[in-house]
Structure formats: C-alpha cells, structure tokens
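The values are calculated or read from the model by the stated rules, or taken from the named source; none is laboratory data. Because the structure is predicted, anything quoted here is derived from the model rather than measured. So basically every Cβ, Gly included, is an ideal-geometry build from the backbone, and we count neighbours across all protein chains shown.
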Amino acid sequence: MEFSSKLLENAIEEMSQLPGIGKRTALRLVLHLLRQPESQTKNLAMALQNLRSEIKFCRSCHNISDTELCDICANSKRDESLICVVEDIRDVMAIENTDQYRGIYHVLGGKISPMDGVGPLDLNISTLIEKVKAEKIKEIIFALSSTMEGDTTNFYIFKQLEPYHVTTSTIARGIAVGDELEYADEVTLGRSILNRVPFENSLKS
C-alpha cells in the first residue's frame, strides 16, 4: 500500500497493531480522524495517554482500577467471603452485567498454557492462596473459560487450595465446552453463576 505522506503511513502502521485491525481498516480510521475537528483527535490521544500512564491494578483482586482499591472491592455491600476467579477484566465485566453475583473477584491475568509459555508463576495465583490463608473465605468460584487451558488452571488452583479446606465450585456448564466466557450471553452466564456446582463434581464429568 503506497502512501503520499509519511505521517499518514506511520499513523496507519500504529493503528494496524491493534487486534482485529488490518491496514485497510486502519486507513479508514485514520482518514476518519483527519476529517474530525482537531480537538477530537487530541482528546482521543490524551485519553489513551492517561489510560497508559495512570491506570492501576487493584491491590486486592488485580482488577483494572483508577485507585489502589477497585470499586468492587471497596463496596461494603459485596460479600467478601465469596471469590470468583476469572481470567481477565473482560470476564469481570461480563459477570457484572448479569447482575447475579454479589461477591468479589480475583483476576488471574491469563490461563496456564505451556504452549504459549504461560506457567502458574506468570499468573496471580499466589495472591489468591495468600488471601485464602489470611481471610475468612467461604467459597472460591472458578469462572474460567471451559477450554483445556481453563480446566488446567482450575485444577492447578484447586490442588493448591486443598490444604485450606475452602469450598470450591465451578460455574454450571451452561457455558459450552470450548467457549470463551466473555462471549456468553448474560442470561446463560447469570444462570451458570447461580447454578454453580462443587468443583470436585466437575472432575468426574
């Protein structure tokens, strides 16, 4: 693709680095920005810069936050004895949209995947174990995607939690095997949270 401007080419190259954005889509987006008032482009650039420089991760659950403690963990109406273990922020948003869950979360930051070079030490697992040791946790809900990597991660954490005799459950298999949690519809996801089953039972299926 030939460009008459190096500035245009550089902008397209950077835009095309985003997931799902090819060169043609990047070109359309950049040309759209050029047609907008300069202030709109500056506001977008400032928002992205602030996002990158000022965003924090909750010191308790590792959720993305504007403050040291995210709004969910800071909410006194949430049940702190109930922890839902998820892969990333998108899963927190998906479950919150169901309006069926009143506990707190623990964001792992990924799943165990040897093929991708991701092991247990690369995830936020140790802080979950420490939380179970230190606090009065009644139940851990595994809400990872029902893929091989998700099941492997669930089982690894389950074995790490065994010495502490905490109840473990997993979301009901209303979520199809192989599905990513973030793509599940809200009704199905909500029912899966409400109808969760003991994790040990899922090992027999």
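Annotations
- Within the set Leu18, Leu48, the sole residue that is aliphatic (A, V, I, L, M), surrounded by 10 or more Cβ atoms within 10 Å (Cβ to Cβ), out of contact with any helix residue (DSSP H, G or I) (no Cβ under 6 Å at 6 or more places or on another chain) and in a loop (DSSP other than H, G, I, E, B) turns out to be Leu18.
- Residue satisfying condition, being aliphatic (A, V, I, L, M) and within 30 Å of Ile141 (Cα to Cα), within set Ile21, Ile12, Ile55: Ile55
- Subset of the stretch 64-95 [of a type in the set (A, V, I, L, M, F, W, C) and closer than 22 Å to Arg52 by Cβ]: Ile64, Leu69, Cys70, Ile89, Val92, Met93
- Close pairs (7 angstrom Cβ cut-off, 6 or more residues apart or separate chains): closer than 15 Å to Phe3 by Cα in the stretch 16-30, part of a loop (DSSP other than H, G, I, E, B) and not small (Gly, Ala, Ser) anywhere: Lys23/Met1
- Residue within the stretch 93-106 that is in contact (Cβ under 8 Å) with a residue 60 or more places away in the chain, over 28 Å from Gln160 (Cα atoms) and either surrounded by fewer than 18 Cβ atoms within 10 Å (Cβ to Cβ) or not assigned by TED's automatic domain parsing to the domain that holds Gly150 (or both) present: yes
- Number of the exception - Ser146 against (1) at pLDDT below 95; (2) crowded, with 19+ Cβ neighbours inside 10 Å; (3) within 30 Å of Ser76 (Cβ to Cβ); (4) out of contact with any helix residue (DSSP H, G or I) (no Cβ under 6 Å at 6 or more places or on another chain): (3)
- Unmet requirement for Glu182, which otherwise passes all of (1) under 17 Å from the mean Cα position of the chain (by Cα); (2) closer than 24 Å to Glu80 by Cβ; (3) surrounded by 17 or more Cβ atoms within 10 Å (Cβ to Cβ); (4) modelled with pLDDT under 95: (2)
- With respect to the conditions (1) small (Gly, Ala, Ser); (2) assigned to a helix (DSSP H, G or I); (3) without any contact (Cβ under 8 Å) to a residue 40 or more places away in the chain, Ser76 lacks only one, and its number is (2).
- Condition check for Asp116: touching an Asp or Glu at 6+ places or on another chain (Cβ under 8 Å), modelled with pLDDT under 95 and either surrounded by 13 or more Cβ atoms within 10 Å (Cβ to Cβ) or not small (Gly, Ala, Ser) (or both): no
- Boolean, Asn154 is under 17 Å from the mean Cα position of the chain (by Cα), farther than 18 Å from Gly190 by Cα, surrounded by fewer than 16 Cβ atoms within 10 Å (Cβ to Cβ) and at pLDDT 90 or above: no
- Filter result for Leu29 (surrounded by fewer than 12 Cβ atoms within 10 Å (Cβ to Cβ), outside the structural domain of Val92 (by TED's automatic domain parsing) and within 29 Å of the chain's Cα centre (by Cα)): no
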